[in-house]
Amino acid sequence: MALLEVKDLNKVYEMGLFVRRTIHAVKNVNFTVDQGQIVSLVGESGSGKTTTAKMILRLLAPTSGDIIVDGINVWKDIKTVEDKRNYYKKVHAVFQDPFASYNQFYPIDRILYQALELLGLNTDNPKAKELLEEALVNVGLEPKNILGKYPHQLSGGEQQRIMIARCWLLRPALIIADEPVSMIDASTRGGIIKLFEKLRDDTNTSVIFITHDLGLAYYISDKIFIMYLGEMVEEGTPDEIISNPKHEYTKNLIGSIPTLYKKWEDLEEPDNIRVS
Amino acid sequence: MEDTLILGINNVKAYYAKGDQYVKAVDGVSLDIYKGEVVGIVGESGCGKSTLSNVMIMNIRRPLTFVDGNITLNVGANFLELNKMERQELQKIVWGRETSIIPQSAMNALMPTKKIRDLISDLVKDHFERALDENEIIERAKQRFRDIGVSPDYIYRYPFELSGGMRQRAVIAVATLLNPRLLIADEPTSALDVATQKMVLKTFERLRKMEIVESVVFITHDIATVRQIATRMVVMYAGKIVENSPIEDIIKEPLHPYTKGLLLSVVTPEPEVKKRGLSNIPGTPPDLANPPQGCRFYPRCSSRMPICEEEEPVLKKINGDREVACFLFNK
């Protein structure tokens, strides 16, 4: 059985006070993610990929449809605070902007202890400190250089690593990573990506990458889902998508991404892309 | 490739004054740009690549200080020594006519209350002492818009009426109005989506094909983009050039360990990428106010040797047209 099952998911935003306007942000989206799988949701701004992620994370209620994680219907079965706690032990998120994920007035230890509290471990518990240090080592950080520091004293890459350290503490079944490396310098990006791979290999967690970067999705995923204007237009293994894209949007996208090992042949041709 | 030198940069140092110390953003850079070349300058944030773009045309403003070196520009009949010229002089006879620069995010800095047409007439007034016939200039601008495949009607629009790609192309058209020999573009594709990026790259390609500009300097952190447009790639690290090679050579066989690391951190949807894997460079770039002795890449380098800590490698020619600053190749 799949770990995550998304069935006929829809989200319609209604806007305007007098004149009603509706935006169909997510249209009849279906997909599944197996345990231990890394998948990517790829699409441009406004394609509905982040909206989908927010619905899985219980941050935004769907208009219709079902999201089932490990047999639990996320928007129907979770009722009590206890249910919620259990859900967030199972599903965890890493967001795009590491600078916005921290409260600047507290040392970064706090965000790690919060994760431990979710596990029911008290701050004073000696086991807590041990787990915490182990998690930091797992993401390539030296605990004594990190603990006690404030967010502004750390680089974006280090901050993002700490967010992943939280995943090592909680060992969730599913991680939703929304553009986790788009604000990180290129030379450190590879290291962060590899942390997700390691986490998957060691703890058999599933990861959903939300990204606009097809190159990244191609490298890391077992399966890629392409979203366009709220619809899931294509899915397949990375090699299927790259070598044989079916939807017009995917074809265009692949044709426009600069490649490293092959020079474009159509650079001298006049544009056929019309921009409104 | 023709061997007409367009711009010669010789051992240039330009520092930012910060209190009583200097941030050495461009520290002993030598680079020759020849006719017909598209030179891509790449490097991480803070490596000095944008500073270098301003130093190239001697657009030096405090706290940036020109410390040493010389910069010569071919203006046809003779060479001008840019570093000896006054700012007013540069403004009158060099900027806009011989060289042109598209600063980072220029397309988002257009005056929102002015139409593109008014922007053009303002520019012309600034660069010419005697008033030129405005209609003639506007006609010329329209032709340039046509040249790069944009409808000339756009010059009667306000910037906010244009999409990102159109705005960037309008900026390119205006920057090349006087057919500058050298066009410098700083991150011209960075804030655009990939389809629009490709369109802008095509525009640059066309400018060169039509010989509207003779050479282009393209500054970016995106190596795959440089690979598509450049004939030569220059890699900067901590204020210095570490490698300068023809594009095919550097992609096939990067020499400097930093170049290798950078290339290995690029992910594009290509089977080669999966085969070669992904890696990262440990550590962070040095503080340019206090750079390490010896090679600046030494602390992060995987092939470091004892000599690297003590002596500084210089940029040396190897295999004919490649240059690298590393002791691995300094035998």
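Here are some notes:
- Distances between placed amide hydrogens fall under 5 Å for residue A:176 paired with A:92, A:93, A:94, A:208, all partners being 5 or more residues away or on another chain.
- Peptide B:194-201, shielding by other chains (average Cβ, 10 Å cutoff): 6
- Backbone phi angles across segment B:292-306, fed through the Karplus curve with coefficients 6.51, -1.76 and 1.60 (θ = phi - 60°), yield HN-Hα couplings of x, 5, x, 6, 6, 8, 3, x, 9, 7, 8, 10, 5, 10, x Hz in residue order; Gly and Pro are listed as x.
- Translational diffusion of segment A:4-256 was estimated from the Stokes-Einstein equation, with Rh taken as the Kirkwood radius over Cα pairs; at 10 °C and 1.306 mPa s the coefficient is 83 µm²/s.
- Pairs of alpha carbons in the protein assembly as shown whose separation is greater than 37 Å (percent): 42
- When peptides B:83-95, B:29-41 are ranked by their average number of other Cβ atoms within 10 Å per residue, the highest-first order is B:29-41, B:83-95.
- Cut-off under 5 Å, modelled amide H: who pairs with residue B:6 long-range: B:33, B:34, B:35
- Charged neighbours of residue A:62, selected by a Cβ distance under 12 Å, balance to +4 (K, R count +1; D, E count -1).
- Residue order, fewest to most surrounding Cβ atoms within 10 angstrom, among B:105, A:101, A:47: B:105, A:101, A:47
- Modelled this way, with points 7 Å down the Cα-to-C-beta line, the labels at residue B:126 and residue A:82 are 6.9 nm from one another.
- Here B:62, B:167, B:276 are placed in order of increasing Cβ neighbour count within 10 Å, fewest first, which gives B:62, B:276, B:167.
- Spin-label zone in segment A:128-152 - amide nitrogen under 17 Å from a point set 7 Å from the Cα of residue A:110 along the C-beta vector: A:147-152
- Cα-based Rg / Dmax (Å) for segment B:41-141: 15.9, 45
- Structure remark: mean-square fluctuation, Gaussian network model of chain A, C-alpha springs under 10 Å; the largest value among A:92, A:152, A:212 belongs to A:152.
- Net charge, residue B:145 excluded, C-beta distance under 9 Å - Lys, Arg +1, Asp, Glu -1: +2
- Rounded to the nearest 0.05, the FRET efficiency derived from the C-beta distance between residue B:60 and residue B:309 at R0 = 51 Å is 0.95.
- Residue-by-residue Karplus 3J(HN,Hα) for segment A:161-168, coefficients 6.51, -1.76, 1.60, Hz, glycine and proline x: 4, 5, 4, 6, 4, 4, 5, 5
- Database remark: amide H of residue A:236 closer than 5 angstrom to the amide H of A:224 (H placed geometrically; neighbours at sequence offset of 5 or more, or on other chains; Pro and chain starts carry no H).
- Residue by residue along A:177-189, Cβ atoms of other protein chains within 10 Å of the local Cβ number 4 on average.
- Remark: A:168, A:75, A:264 ranked as A:75, A:264, A:168, counting other beta-carbon atoms within 10 Å and listing the fewest first.
- Inter-chain shielding of B:256-268 (mean C-beta neighbours from other protein chains, 10 Å cut-off): 4
- Estimated distance in nm for a label pair at residue B:70 and residue B:139, the labels positioned 7 Å out from Cα along Cα-to-Cβ: 4.3
- Distance from segment B:42-102 to segment B:227-291 (C-alpha centre basis), Å: 26
- Ellipticity estimate at 222 nm from DSSP helix runs (n ≥ 4, -39,500 (n - 2.57)) divided over chain B, nearest 500: -8500 deg cm²/dmol
- Each part gets one Cα centre, and for segment A:216-244 versus segment A:100-170 those centres are 33 Å apart.
Read-outs: derived from the displayed coordinates by stated rules, not from any lab. Treat the numbers as computed from the prediction; the structure is a model and nothing was measured. Glycine gets a Cβ as well: all are built from the backbone with ideal geometry, and neighbour counts include every protein chain shown.
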